[in-house]
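One structure is given below, encoded as structure tokens.
The values are calculated or read from the model by the stated rules, or taken from the named source; none is laboratory data. What you are looking at is a predicted structure, and each value in this text was computed from that prediction instead of being measured. Please note: Cβ atoms are built from the backbone with ideal geometry, for glycine as well, and neighbour counts cover all protein chains shown.
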């Protein structure tokens, strides 16, 4: 009897742990994205991004990947004439975008007005490696109101 | 200061795929050379396929050149099956445990219709083939 109870207790524990695991996974999903699909990185490049007011903000210039986890960390958005500042490039966490389906193509929307983009953390040149460090990356997540999730590969001791 | 996270990462067994703590630009990965463990040039990376909802790179499409003697062939390989060799933040080349025989039998992709690889029934067998754990929940 004792053994059976123990077994039940252990399996309950396993279920709880299992549920916890999938919950954490679900948190990584972007609820605003209603277009679950596989998208080619080279197709993303050049995609135009609009804001909630349907203004064209510019286009996606690059996708930055954490090679250890395969997770897209940032999207580099090339802001066109929208700011009246000439070409400016900002790094935005991928989960700040809402990706929906429009016909057969994904539509990318970012909640950003001129002021938000003007003050956004900018990137210069192609030296993206510094964006790997938490000290550089976390403030960008905070700015775009995206919860910083420590990459799995560096959170383990 | 900057080298500290790199040191921490190299201690970590799960971080052995790369030599440095970097972010890779997708457009630099495209065209990266792929060699196998026998040091043979097997092709290059043609595309990275990203899950739009999670931001996870699921597959790299590997363009196999003349290696198989079959002309140009494309195979989808789970991204985490590759080892990335980088130098000063730039990708140098990638390594894949793929003999000629393994590549010949590998699941191929035709055209650019990558969307179907989102579905578990299309994607999971590819993970199984490359001995990778299928983790996506559908």
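Among the conditions (1) within 16 Å of the chain's Cα centre (by Cα); (2) at pLDDT below 90, the only one that residue A:98 does not satisfy is (2).
Among the residues examined, residue A:151 qualifies as surrounded by 15 or more Cβ atoms within 10 Å (Cβ to Cβ), at pLDDT below 85 and within 14 Å of the chain's Cα centre (by Cα). For segment B:47-65, residues that are more than 7 Å from chain A (Cβ to nearest Cβ), buried (at least 20 other Cβ atoms within 10 Å of the Cβ) and at pLDDT below 95 total 1.
Look at residue B:75 and say whether it is over 30 Å from residue A:107 (Cβ atoms) and touching a strand residue (DSSP E or B) at 6+ places or on another chain (Cβ under 8 Å). So residue B:75 fits the description; yes.
Quick grid of which residues meet (1) touching a helix residue (DSSP H, G or I) at 6+ places or on another chain (Cβ under 6 Å); (2) over 21 Å from residue A:33 (Cβ atoms):
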| residue | (1), (2) |
| --- | --- |
| A:77 | no, no |
| A:91 | yes, no |
| A:97 | no, no |
| A:100 | no, no |
| A:108 | no, no |
| A:132 | no, yes |
| A:139 | no, yes |
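The sole residue among A:116, A:126 that is more than 30 Å from residue B:77 (Cβ to Cβ) and either more than 11 Å from chain B (Cβ to nearest Cβ) or in a loop (DSSP other than H, G, I, E, B) (or both) is A:116.
The residues in segment B:105-138 that are in a loop (DSSP other than H, G, I, E, B), closer than 23 Å to residue A:42 by Cβ and away from chain A (no Cβ under 14 Å) can be counted, and the count is 3.
Residue check: residue B:38 meets all listed conditions (1) modelled with pLDDT of 90 or more; (2) within 12 Å of chain A (Cβ to nearest Cβ) but one, namely (2). Residues in segment A:77-93 that are surrounded by fewer than 20 Cβ atoms within 10 Å (Cβ to Cβ) and not in a loop (DSSP other than H, G, I, E, B) were compared, and the one that is modelled with the lowest pLDDT is A:83.
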